[in-house]
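Structure first, then comments.
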Amino acid sequence: MPNTILRVCDLKTYFDTESGVVRAVDGVSFEVETGKTLGIVGESGCGKSMTAYSILGLIPQPPGRIAGGEVFFEDRDLLQLTSRQIRDIRGNDIAMIFQEPMTSLNPVFTVGEQIAEAIRLHRGADRKEAWRRAVELLDLVDIPLPEERAGSYPHELSGGMRQRAMIAMAISCDPKLLIADEPTTALDVTIQAQILDVLRRLQEELGMGLMLITHDLGIVAEMAHEVLVMYAGQVVEQADVKTLFGSPRHPYTRGLLASVPTMSSSTEELLTIEGTVPDPVRFPAGCRFAPRCDFAAEVCDRPQALLDVEGHHVVRCGEWQRVSQKDMA
């Protein structure tokens with residue numbers, strides 16, 4: 001029976017600004033199971049990374065604040081923990097790979113020192129043992145000559161090796177949940193494939209749950225078991241990967257999939273989603289995608305709820321609201 005390691009319920013993260021309240025994450029719910037991968041996709045600014053930061057207590061307060069919801073890791077609501085308690089979980093039971101390793105790694109310490117620090121902090125190892133473990137981890141993520149690379153500074157490593165070092169640091173305490181935020185950004189396709197292979201192998205070996213945040217639908221198709229599509233701070237569709245790619249129901253999801261180039265469409269003009277994401281201070285009262293949607297109707301002027309349309313396939317769309325109302329009638 002699947003074991004749910006993380007359960008997020010109606011999470012709301014708001015930012016108070018001079019222009020008004022920015023609803024960066026607005027009622028997001030999902031689950032991550034042990035040994036499974038949840039892919040979270042959507043264009044920049046949709047709330048993917050902010051959802052991860054909210055889970056780990058990394059929202060700057062002020063101006064940010066958790067305005068509502070629950071985040072259960074195993075049986076503990078992370079939003080109710082003290083700063084010290086969440087620090088004990090962060091990097092130990094839940095780890096995160098950040099978008100840009102060059103800015104996430106400290107330039108004045110060697111890679112080995114930074115990995116060893118996490119081991120000393122959470123596992124109480126002495127310096128010698130922590131260093132030995134750091135070298136083992138660099139070897140585990142396929143960094144050549146790990147003993148030498150442990151003594152290197154971040155700027156002395158390539159982008160792919162820095163990303164591997166970040167993965168080594170993240171798994172240093174055998175986390176139960178790993179959050180990977182755009183783990184292949186700015187890497188060429190060959191290195192991307194290698195990084196994904198490392199993540200897949202480590203997940204199998206450690207049995208950890210994986211939250212994969214990305215805008216790359218190809219990565220999601222390859223890695224994820226379940227897919228969450230976000231738009232303007234909300235979940236607009238969620239299904240298992242095969243269902244979502246084979247039978248997308250929300251117009252935004254269909255637009256994302258249609259905009260991905262394929263071998264057969266190499267000579268054709270790519271489809272684009274017209275318009276722009278609405279101002280987060282002034283979201284529409286109804287469907288937030290309606291101003292850009294070719295299928296918008298009168299029902300879309302009203303707030304849309306997530307509806308289960310096919311059993312474990314949920315959609316936030318006026319089209320399915322109409323279908324549901326007809327069925328009820």
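Among the residues of the range 82-95, are any among the hydrophobic types (A, V, I, L, M, F, W, C) and free of Cβ contacts under 8 Å to residues at least 40 places away in the same chain? Yes, that holds for at least one residue.
Please determine, by comparing only the residues of the range 48-71 that are under 17 Å from Cys9 (Cβ atoms) and under 14 Å from the mean Cα position of the chain (by Cα), which one is surrounded by the fewest Cβ atoms within 10 Å (Cβ to Cβ). Filtering first and then ranking leaves Leu56.
Table: residues versus (1) of a type in the set (S, T, N, Q); (2) touching a helix residue (DSSP H, G or I) at 6+ places or on another chain (Cβ under 8 Å); (3) within 16 Å of Ile179 (Cβ to Cβ); (4) free of Cβ contacts under 8 Å to residues at least 40 places away in the same chain.
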position: Ile191; (1), (2), (3), (4): no, yes, no, yes
position: Leu202; (1), (2), (3), (4): no, yes, yes, no
position: Glu205; (1), (2), (3), (4): no, no, no, yes
position: Met230; (1), (2), (3), (4): no, yes, yes, no
position: Val235; (1), (2), (3), (4): no, no, no, no
position: Asp240; (1), (2), (3), (4): no, no, no, no
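A single member of Asp188, Asp142 is in the same structural domain as Asp216 (by TED's automatic domain parsing), surrounded by fewer than 18 Cβ atoms within 10 Å (Cβ to Cβ) and either out of contact with any Leu (no Cβ under 6 Å at 6 or more places or on another chain) or at pLDDT 85 or above (or both), and it is Asp188. The set of residues in the range 34-60 being among the charged types (D, E, K, R) and under 14 Å from Val227 (Cβ atoms) consists of Lys36, Lys48. Taking (1) more than 27 Å from His155 (Cα to Cα); (2) surrounded by 20 or more Cβ atoms within 10 Å (Cβ to Cβ) in turn, Gln114 satisfies each apart from (1). Go through the residues of the range 29-47 one by one and say whether even a single one is part of a helix (DSSP H, G or I) and crowded, with 16+ Cβ neighbours inside 10 Å. Looking through the range 29-47, none of the residues is part of a helix (DSSP H, G or I) and crowded, with 16+ Cβ neighbours inside 10 Å.
Of the residues Ala95, Ala116, which single one is more than 20 Å from the chain's Cα centre (by Cα) and either within 30 Å of Thr185 (Cβ to Cβ) or β-branched (Val, Ile, Thr) (or both)?
Working: Ala95 fails: more than 20 Å from the chain's Cα centre (by Cα).
Going through Ala95, Ala116 in turn, just one is more than 20 Å from the chain's Cα centre (by Cα) and either within 30 Å of Thr185 (Cβ to Cβ) or β-branched (Val, Ile, Thr) (or both): Ala116.
Restricting the range 93-127 to residues that are small (Gly, Ala, Ser) and under 30 Å from His215 (Cα atoms) leaves a set whose member that is modelled with the highest pLDDT is Ala95. Would you say Pro291 is modelled with pLDDT of 80 or more and of a type outside the set (Gly, Ala, Ser)? Yes; evaluated as a whole, the condition is true for this residue. Could you please let me know if Phe98 is over 30 Å from Pro278 (Cα atoms) and touching a strand residue (DSSP E or B) at 6+ places or on another chain (Cβ under 7 Å)? Judged against the criteria, Phe98 is not a match. Are any of the residues in the range 74-92 in the same structural domain as Thr13 (by TED's automatic domain parsing), part of a strand (DSSP E or B) and exposed (fewer than 15 other Cβ atoms within 10 Å of the Cβ)? The answer is yes, given that some residue of the range 74-92 is in the same structural domain as Thr13 (by TED's automatic domain parsing), part of a strand (DSSP E or B) and exposed (fewer than 15 other Cβ atoms within 10 Å of the Cβ). In the set Ala193, Ala134, Ala232, Ala130, only one residue is among the small types (Gly, Ala, Ser), farther than 24 Å from Gly57 by Cα and touching a Lys or Arg at 6+ places or on another chain (Cβ under 6 Å); that residue is Ala130.
Show me the helices (runs of 4 or more DSSP H) entirely contained within the range 102-192 in which 2 or more residues are of a type in the set (Lys, Arg). Talk me through it step by step, then tell me what you get.
Numbers: elements: 111-123, 127-140, 146-149, 159-170.
Of the helices (runs of 4 or more DSSP H) lying wholly inside the range 102-192, those with at least 2 residues that are of a type in the set (Lys, Arg) span 111-123, 127-140, 159-170.
The values are calculated or read from the model by the stated rules, or taken from the named source; none is laboratory data. Worth saying up front: this structure is predicted, and the values here are computed from it rather than measured. Ideal geometry is used to build each Cβ from the backbone, glycine not excepted, and the neighbour counts take in all protein chains shown.
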